[in-house]
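See structure below.
No lab work stands behind these numbers, since they all come straight from the coordinates. Computed from a predicted structure; not experimentally measured. Backbone-built Cβ (ideal geometry, glycine too); neighbour counts: all protein chains shown.
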Amino acid sequence: MLTDLFIWSLKVSLFFTLIYGSYWLLFRNNTRFQFRRTVLLLSLVIASVIPLLKIEIPISEQHPLHVSIPEIQPLSNQKPALDPPFENTIVELAPTTKSTIYWPEILITIYAIGLLASLTLMLIELFRLAYWYYMGARRRDIQSNVITHKNIKYPFSFWKWIFVPQGTDYDQEIWDIIEKHESAHLTQGHSLDMVFCGISQCLLWYNPIIHLFQKELKGNHEALADRHVLKFTDFNTYAKALLSVSVNANAMSLGHSFALVSTLSKRLKIMKRKKTRFAKTVSSTLFLVLLTLTIGSINALHGQETEEQARAKVAEKMSRGAFSFLYFNKLTVKHEKILNKLKADNPGKVISFRYLANDRYQEYLAAYQPDQETLFFDRLTESEQEEIFRIAKQDTTLKNITFKSDLTSKYSFGFDDFVKFGEEAVKTKNKYIVMYESLPKKMISDQPIYEASQVDKLPEPIGGLLNFEKSIALDAELPKDIDKTLLPKTIDYVLVVNGGNNISELNLITDIKEDNEEIDKIYKFMGTLHNEILEKIRAYYPWKRGIKDGKEVRVRIKIAIPTRYM
């Protein structure tokens, strides 16, 4: 629910920013204030509705949409750079030590906090108004809907009431002007606009445009109330009344203040403006309508797929192994017994298992995963694969699982529609089983660091050091404004290899001695390359640790990225 609200608010923010920006360009000097009020409110309403619209149009078979199945999440989206025999296995199973930051969850949490804070502030203001209403004194000697309280700083109106400071004694002429101004706000329903705007501010609190909208809408209300007063009072008298009552204070977001110093100058200028020509208003309106229709139609048009197209898209995902979530935690009776024996022989230790598509993956586990120790390895027979799938099919949760081509598709399918793909996936991915002990994470910082000259065997990334250095260079994007001839033959870094995807102390050691205008650009590029090396090692290139006296150790080594490949 909160996720849907957040996504909706992002779409509304985008559409509203575009529409309000167009409104500001077209109408900011327009003096037809009632019309502007209508346009402002409609712009917010339309922006709020556009994300909910969906107009389906047929799509041809020749142009299928590339979609994903939302109900199925892959075990890993990290894909190490391995030779083809490893590829299918590593995508699904290779662990990584890189810490993952779940930005969607973080953003939604921040949005929820901001939403709660905004609603709290709005409720506090409503509570303050209710408090003044119930605890304040009625000034029936002035008017039946006038309320006074010692904490009220200036005259303002909200809903059906006019609030004035306690102890004020306005002369009749000024009170008549105040009453006409505030009554105009009440009779024209301006408080409803501000409540609507306040709710929108809570939902879109992070968008500064909604706060500009609130200011613009309130200014429009003041202009309408001023126009109403000027029907009965001349400009000079009205201006003097505003100046005599004006105060320097912060305005309430929901109420309408009679005269604040911060807005007074602008209001007086607006009162003197001539009414905007009707033709100009019409042309501006047509342009805004055309823009709004364009934005709405682009968002609303939605490809209408047929049931067969939807089924084909889901089947494509199934054929690529999307059923792995069904069987990755299922064991045959035989292997269940083996796992229990291993756990009994290793009390207090974490014993896990996984399925492999290729037996060569064992080499990868042994060399590049120092925190795992293999305890059992076996090839699955065809009957064992069938047994795994039979066990998976008995899972009662399958009855509640539905598959769609995308979130907006109106077609959904059950597990039984794609049973054959699940069986094929088991036969493809579940060829081998490995059971292993997850070793406790050692305190890396407590282990000594050896130099390259001190060890018997140097650390090595998967694929070899030379290939790793070349791969980094080939993938580096050298900025176009850097003269490649000014680069050294290699850009050198040192790093400490801790094992697997874990490295530390990655530092640049190349120094550009020439003094030229591009030196800053070159060093900035080297900094970017530093981050790319760190990212690729953590995601794609695990390392074997160095060997000293037959034991794995941490080693500091140099890597040299050849610039000729850039």
Around Ile559, what is the net charge, scoring Lys/Arg as +1 and Asp/Glu as -1 over all other residues with Cβ under 13 Å from its Cβ?
-1
If you average the alpha carbon positions of region 232-275 and of region 488-540, how far apart do those two centres end up, in angstrom?
62
Can you pull the one-decimal nm distance between simple spin-label points at Val419 and Asn467, each 7 Å off the Cα toward Cβ?
4.3
List, in order, the whole-Hz ³J(HN,Hα) value for each residue of region 36-41 obtained from phi through the Karplus relation with A = 6.51, B = -1.76, C = 1.60 and θ = phi - 60°; use x for Gly and Pro.
4, 4, 4, 5, 4, 5
Could you calculate the contour length gain from Lys274 to Trp24, that is, 0.36 nm times the residue separation minus the distance between their Cα atoms, to one decimal place in nm?
88.1 nm
Please give the length that would be gained between Glu382 and Thr168 if that part of the chain were fully extended, namely 0.36 nm times their separation in residues minus their C-alpha to C-alpha distance (nm, one decimal).
67.7 nm
At 7 Å along Cα-to-Cβ for each site, give me the label-to-label distance between Asn236 and Thr38 in nm.
3.7
Sorted largest first, the C-alpha extents of region 258-301 along its principal axes in whole angstrom are 48, 25, 12
Give me the three principal axis extents of region 444-565 from the C-alpha atoms, as integers in angstrom, largest value leading.
49, 26, 21
For the His211, Lys349 Cβ pair and Förster radius 60 Å, calculated FRET efficiency rounded to 0.05 is 0.55
Set the Förster radius R0 to 45 Å, insert the Cβ-Cβ distance between Asn250 and Thr402 as r into 1/(1 + (r/R0)^6), and round the FRET efficiency to 0.05.
0.30
So which of Lys341/Lys544; Lys343/Lys431; Lys431/Lys536; Lys240/Lys266 end up more than 20 Å apart, counting from Cα to Cα?
Lys341/Lys544; Lys343/Lys431; Lys431/Lys536
Treat each spin label as a single point 7 Å out from the Cα along the C-beta direction, and report the His530 to Ile509 distance in nm.
1.5
What's the FRET efficiency of Glu105 with Glu125 using the Cβ-Cβ distance as r and R₀ = 41 Å, to the nearest 0.05?
0.85
Considering all alpha-carbon pairs of region 137-231, what whole percent are spaced by more than 16 angstrom?
60
